[in-house]
1. Give me Rg over Rh for the range B:19-166, both radii from the alpha carbons and Rh done the Kirkwood way, two decimal places.
2. Using packing as a proxy for protection, rank A:25-33, C:398-406, C:245-253 so that the peptide with the highest average count of other Cβ atoms within 10 Å comes first.
3. Restricted to Cα positions, what overall size does the range B:5-295 have along the principal axes? Three whole-Å values, descending.
4. Whole number please: convex hull volume per residue, Cα atoms of the protein assembly as shown, in Å³.
5. When only Cα pairs under 8 Å and 6 or more residues apart are kept, what is the percent relative contact order across chain A?
6. For residue B:378 and residue B:341, calculate 0.36 nm times their separation in residues minus their Cα-Cα distance, and state this gained length in nm to one decimal.
7. Between residue A:21 and residue B:436, what is the spin-label point distance in nm, taking each point 7 Å from the Cα along the Cα→C-beta axis?
8. Any lysines with Cα under 17 Å of the residue C:277 Cα? List them, leaving off those in the same chain fewer than 8 positions away.
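FYI, it's all coordinate maths here, none of it is from the lab. All figures in this text were calculated on a predicted structure; none of them were measured in a lab. Here Cβ is always computed from backbone atoms with ideal geometry, including for glycine, and neighbour counts include all displayed protein chains.
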Amino acid sequence: MLSTKDIKHLAKISDLKLTDSEVDMYCKQLGEVLDYIKILDSIDTKNVQPTFHVGNSTNRFQSKENYEKETLSNELALKNAKKKDGGYIVGKSMLKG
Amino acid sequence: MNNEYELVLGIEIHIQLNTKHKMFCGCKNDPFYAKNPNIYTCPVCLGLPGGLPVPNETAVEKAQRFSFAVGSNLNNTVIFERKNYNYPDLPKGYQITCPHYPIGTGGEMKFQSGGKELTVRFREIHLEEDTAKSSHKNGEVYIDFNKSGVPLLEIVTEPDFRSIESAVDFCKEIQLIARKLNVSNADMEKGNMRLEANISMRKKGEKDLPNYRVELKNINSYGFMKKALEYEIIRQRKALEKGLVLEQETRGYDEAKGVTFTQRSKEDAQDYRYFPDPDIPVLTFSEERIKGIQDSVGELPSTVRKRLVDNYNISYSNAVILVGDDALLKKVEELIALGLSPKKASNIVINKSEYRKKSAKEIVEILNKEKSEKISSVEDLDKFIEEVILNNEKAVLDYKNGNEATLQFLMGQVMKLTKGKAEPSVLISLLKTRLSS
Amino acid sequence: MTILNAINKIKKKELTVTELVNSCIKNIEEKNADINAFITFNKEYALKMAKKADEKISNAHKSNSIDELYNKYPLLGIPVAHKDIISTKDFKSSSGSKILDNYYPPYDATIVRKLNDAGAIILGKLNCDAFAHGASGENSDYGPTKNPYDLTRVSGGSSSGTAASVASDMTLFSTGTDTGGSLRNPASFTNTVAVKPTYGRVSRYGVTAMASSLDSIGYITKTVSDAAYIYGLVSGKDNNDASSVDVAVDDYFSYIKENLDKKNDKPLNGIKIGLPKEYFGEEIDSEILEKTEYVKRKLLDLGATFIEISLPHTNAALAVYYVLVPSEVMSNLGRLDGIRYGHERSEFGAEAKRRIMIGSYVLSSGFYDAYYLKAQKVRTLVIEDFKNAFSKVDFILGPVTPMLPPKLGDNTKDPLKMYLMDVLTAPINLSGLCALGIPAGFSNKTEDHNELPIGVQLIGNQFDEKNLYKVGFELERAIGLNNGEDKNE
């Protein structure tokens, strides 16, 4: 079971701002999903290796032909920025005080 | 430093690799010299939806060569993971790094400090990507993503340092090795090297690590490091003496005020929620490939220094200078090939500023010319000796009365008259003879 | 109109591209207000491209080189639309979310580049569950896409617009993604064919990542023949995608090309097909089970044999899916901070927020081993289930969803209920296998609803698409739904 404190903590580390009613709603909904996931506890995975990739590739590296092919002009790089100035992308400062 | 407590210091060094392209994309790796901001970006390093990381093989090789060179053990498996947190200079909302299956694990390095040979152990060496460059202006942050995605090598030591000086000497050696191996310029002023320090104090004699650790981040000069660490040591010692409990935290250094201050406490600590990056297949290296990398490393600075001291019979401090400068070392070796003794060759190259711009061949020519111009015949020297004896009665008397030191003075006077051309070994014996008559 | 028919007619001068594009435009203009398949549609752009294509074609006709032209541009003049999570330089790409409602990518996804190079004409961008989070289309910030067969019901998801646009003849094919069933689900609800490639077969570069280790980029067509025709054009290793696999691209269309005009007796002789007993439980709608039985009979007629198999970790697979997906989603959506593009994170919809927080939870220090690592281990067991199965059979047949297309609003109040829609499709993504979603017929007409489409899925081993298309093609023409040969039994 999750508490509202847990939800607030999760929201904080996920960089999400929630209203109080959202906190309550998600508390219930997430709790149900986590309950459902409990089915995994009953499965014996002793000596089983995890699968992190299904592709079976290994050692994939940048290819020489691709160097600088996808590089964007300054104009394109800044195209969607809410605020820009002198070629820079501008955001709100996260420094405290 | 007070005798009751000792410093427990670990260092983390970040160096930007000097590859042509970034760590996970094909953009140019040249943030320091870029003419404008945001001209070396792409969907990957700009963190656009749909961008995908593809590792730079040269960066991996440089990282492996470096790790082997400093004495860390190369891993056969390297797994890139995502370190998740939110900050304006981190375009994907996560940094790709390899904390659990790094490039090199463990190992140790010996280095000279304060005339002694010290050993420091590595925890790990891993490869990751740099963040963008941000500058603050009017409550806003100006971001340049040219630096985002640049390959970064992170060298993490165990807390084996017991003095600030030894940590500085270690960092300088790392810089030297990085440059020698052509892996990085490791220049703090250009932003391609930064340091972090993990500091705690414990009572002398205690074996266990203290249960807290203060992190000092973004150290970008040795001056900064010394001042900040000195302050921290005093602060921590005073607190411990008072019986206070010190917390795990990150502190910043205020240069103007000369104090450290809390930046982030344990409660604020991020939960990075690491997991293997699904976009990047695991890197596996066969024993053969690892051996190939080891073989490609060449001589380490420490090996060259030892060789110079042992074979050339030059002082350790001269060896340090020569190993720190490829051009100087090369010139010394050329001079030796042309017939000079190693000791004389290194002395000339290091100490004689008048020969700085001359090639080895030119230097040898000059020396030969000087030699041929030396006044070494008895009749020639006698003229000068006579004049000096005549004009320095008191000194001559002093010498005859047993003051050996005046011999040097009188030699100097002859040298002056001959404009330095008197052959020293001939002069000294002739002068002694004349003075005793 | 199918792609192959269109090309045939164009080659015979019975159709121009402009006519073709205009007929799509007409359907969009008449039906999109009701169906809501398109988020962005650019008529002028499409007609401009159509004119260019017609010029090329007319020149080729004059110089008798029309076949060469179509060898060079296999999809010349064929209208396509792209799921909104796929980056297109010339069209806004909002990923179905209002947080990106002003995002214009500065680049094209690899699949878009390849289809452009082949001559396809982009009509616009298709509605979908925001960030592909969903199985019905109801999580879109642009309103749900309605099912063309019943406007009170969902089109399926997350590639809702992808399916509805093809089903209502707004386009000849549409691209989409399948991470847990997001192409097979809407295809089965709309009487269309879904292509879910082997993981890594089609590049993910330029597609807003949902769950990076599971996302398969694919498409929906009217017929299996069309699907096979396109497949080779979008497949292949991509330098921009390290997870794209370095396996040679086959000729996926050759069997169909050779056999289009031939009727073979027992063409599937020797082919063994598995029926997983866990896919035929009582929680599956009985009409869906009936239709799957019907498909089985058709395959038997074609010469295939059936073996009952077991995929014992099927139920657990869904739990694995809902640990891994939120983890990767949390991380993949970390890049949306409103600075370089898009709006602030408070604009995320509820489903996105849920997944992000679940992801943070299962990955947080202290829980990683119990949840994330455990899930990846069970994933290995799911993969082994399929490995065992494929040692006995060549393909696996099963239903796609446990229920018929729900009414709008049926499942939106309960996130968990929505998740359960993926139970038969998610295991395939966890294992990186390939699959085709094939229309099987229609349900009965009832007081509640008209006849509703029912599809099945044919699952193949990794990189066995060439044979998968052979089976799918023969099955499709035996059923005769979309080329008028057979009537449902």
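1. Dividing the radius of gyration by the Kirkwood radius yields 1.04.
2. Values: A:25-33: 18.2, C:398-406: 22.4, C:245-253: 15.9.
Answer by packing, highest mean first, reads C:398-406, A:25-33, C:245-253.
3. Result for the range B:5-295: principal-axis Cα extents of 55, 53, 34 Å.
4. Each residue corresponds to 230 Å³ of Cα convex hull volume.
5. Numbers: 30 pairs, mean separation 16.2, N = 97.
Relative contact order for chain A comes out at 17 percent.
6. Working: separation 37, 0.36 × 37 = 13.32 nm, distance 2.76 nm.
So the chain would gain 10.6 nm between residue B:378 and residue B:341.
7. A separation of 11.3 nm, rounded to one decimal place.
8. C:291, C:296, C:387, C:392
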